[in-house]
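First up is the structure itself, then whatever we jot down about it.
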Amino acid sequence: MSELIFRELSKELLGMALDILNESLEFDRLSYSLIFEKTFGDEDFDPETALIGFLDDVPAAFWLGIVRKGTGYHKLFAVRPQFRNMGIGTAMLEEMEKKLVDRGAREIRVCEGAPNYFMPGLDPRYTSALLFFDKHGYQKFDETYNLTADLCDIETDEELERKLLADFSIMVRRASRHDRDAILDFISSEFHGWEGEVQIALENEPPTIFIAELNGRVVGFSAHECNNMGTGWFGPMGTSKTLRGKGIGRALLLRSLEDLKRMGFKQAIIPWVGPVKFYHRNCNARIDRIFWRMRKIVVE
């Protein structure tokens, strides 16, 4: 094989990286705005861990890595079909692993990378990729799901919201930027780790986040269009542990889904789901994709 040359990603090369991904990913397609969000739109983006591999001056592969709080992620990666089985994927992986370890990664995961991520794991339909990572020491430790909800018949549950107000003094409404501190304080205390996505939702116009309030105190929230923007992405959402079972989550969920419908989306994607039953019951969401979560310990 000719020498593989690595070039760091620049905005001028972003279209080239997009072409590699869209030519290579059978079950996914990215837009220019989406790959910009995953790269230069990520506050932790490092051009030294975003590489295009050239073989004889031809762009053959793209690999995007990132490190967050001691964990590295292979966030996006692809080798063009005509360049597979030539050792290019292994060379790209090994180069990226070195860079991520140099930046403090103690373990490396495949995909993920919240709050700014494309997939919550590896779709096993990319079977060659799954076998590739397995060969290089990555092991499955969990699996998760993306659900899809049709929005055609979605409506706010006004009767439920009136009951919440009458029986529990809980009001559901769209958040404003003035609610930022109260929302972030609530999330920090009960759902730490979702602050980044929520801040993006608050910056949208209008803010794409709804809250439940009890006596002026935030006790629940649901957000949308704050990751993989332009795709109908829902979440995160959460309700105070002390107030679950009253219908707050359903009210918030339907508010967000109706807002996605108003924005022109036909379907909502509900990613990285644990409580499948909740979403299936409240908006007839169905499992659309399964993802394997894989990782490799690189520093003991």
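Just from its helices, what would the mean residue ellipticity at 222 nm be for the chain, if runs of 4 or more DSSP H residues each count -39500 (n - 2.57) and the sum is divided by every residue, rounded to the nearest 500 deg cm²/dmol?
Dividing the helical sum by the residues of the chain leaves -9500 deg cm²/dmol.
Let me check I've understood the local charge: for G113, count other residues with C-beta under 10 angstrom from its C-beta, Lys and Arg +1, Asp and Glu -1. What total comes out?
So the environment of G113 carries a net charge of +1.
For H224, H178, H280, what ranking results if the residue with the fewest other Cβ atoms within 10 Å of its Cβ goes first?
Least crowded to most crowded, the residues run H178, H280, H224.
Using θ = phi - 60° and the Karplus relation 6.51 cos²θ - 1.76 cosθ + 1.60, list the HN-Hα couplings for segment 197-204 in order, rounded to whole Hz, with x at every Gly or Pro.
Listing the rounded values in order: 5, 5, 5, 5, 4, 5, 7, 5 Hz.
Quick one: net charge of I35's neighbours, Cβ under 15 Å, K/R +1, D/E -1?
It works out to a net charge of -2.
Filter the trypsin sites (Lys or Arg not before Pro) in segment 240-297 to those in DSSP coil with at most 16 other Cβ atoms within 10 Å of their Cβ, and list the result.
R244, K266
Toward the positive end of the charge dipole of the chain, about the Cα centre and with charges on Cβ (Lys, Arg +1; Asp, Glu -1), which of L51, G137, T242 goes farthest?
Ranked along the dipole, the leading option is T242.
Taking only Cα atoms and a 10 Å spring cutoff, compute GNM fluctuations for the chain and point out the largest among F234, F54, F221.
F54
Give me the net charge of L122's neighbourhood, meaning all other residues with Cβ under 14 Å from the Cβ of L122; Lys, Arg count +1, Asp, Glu -1.
Result for the local shell: +2.
Using Cα springs under 10 Å in a Gaussian network model of the chain, which residue among N282, N85, N227 shows the largest mean-square fluctuation?
Maximum among the listed residues: N85.
Among the listed pairs K38/K277; K140/K241; K69/K261; K38/K69; K140/K246; K135/K277, which are separated by more than 26 Å between their Cα atoms? Working shown, then result.
Details: K38/K277 30 Å; K140/K241 30 Å; K69/K261 36 Å; K38/K69 18 Å; K140/K246 36 Å; K135/K277 35 Å.
Check vs 26 Å cut-off fails for K38/K277; K140/K241; K69/K261; K140/K246; K135/K277.
Rounding to the nearest 20 debye, state how big the charge dipole of segment 4-142 is about its Cα centre with +1 on each Lys and Arg Cβ and -1 on each Asp and Glu Cβ.
Dipole about the Cα centre, nearest 20: 300 debye.
Given Y32, L4, S128, which one lies farthest toward the positive end of the charge dipole of the chain, if we put +1 on the Cβ of every Lys and Arg and -1 on the Cβ of every Asp and Glu?
Projecting each Cα onto the dipole axis, the largest value belongs to S128.
Compute the relative contact order of the chain as a whole-number percentage, counting only Cα pairs closer than 8 Å that sit 6 or more residues apart in sequence.
21 percent
Taking the chain as a Gaussian network, Cα atoms linked when under 10 Å apart, which of L131, L260, L151 shows the biggest mean-square fluctuation?
In this elastic network of the chain, the residue with the biggest mean-square fluctuation among L131, L260, L151 is L131.
Per-residue HN-Hα couplings for segment 223-228, Karplus 6.51 cos²θ - 1.76 cosθ + 1.60 at θ = phi - 60°, whole Hz, x for Gly and Pro?
For segment 223-228, the Karplus curve yields 10, 7, 6, 10, 8, 6 Hz.
Here are some values of Rg/Rh (Cα atoms, Kirkwood Rh): (1) 1.07; (2) 1.01; (3) 0.94. Which one was computed from this structure?
Among (1) 1.07; (2) 1.01; (3) 0.94, the one derived from this structure is (2).
Pop a pseudo-label 7 angstrom from the Cα along the beta-carbon direction at both L13 and R103 and give the gap in nm to one decimal.
1.4 nm
Once fully extended, how much extra length lies between S176 and E23, figured as 0.36 nm per residue of separation less the alpha-carbon to alpha-carbon distance?
Using 0.36 nm per residue and subtracting the Cα-Cα distance, I get 51.0 nm.
With the dipole of the chain worked out from charges on the C-beta (+1 for Lys and Arg, -1 for Asp and Glu) around the Cα centre, which of C111, S176, A149 lies farthest toward the positive end?
Sorting the options by dipole projection puts first A149.
Answer rounded, prolate or oblate for segment 193-300, using the Cα gyration tensor with square roots of eigenvalues a ≥ b ≥ c: rounded when a/c is under 1.5, else prolate when a/b is larger than b/c, else oblate.
Rounded shape, in that the Cα axes give a/c under 1.5.
Any read-out appearing in this document is the output of simple, stated calculations on the displayed coordinates, not a laboratory observation. Here the structure is a predicted model, which means the values were calculated and not measured. Cβ atoms come from the backbone with ideal geometry, glycine included; neighbour counts cover every protein chain shown.
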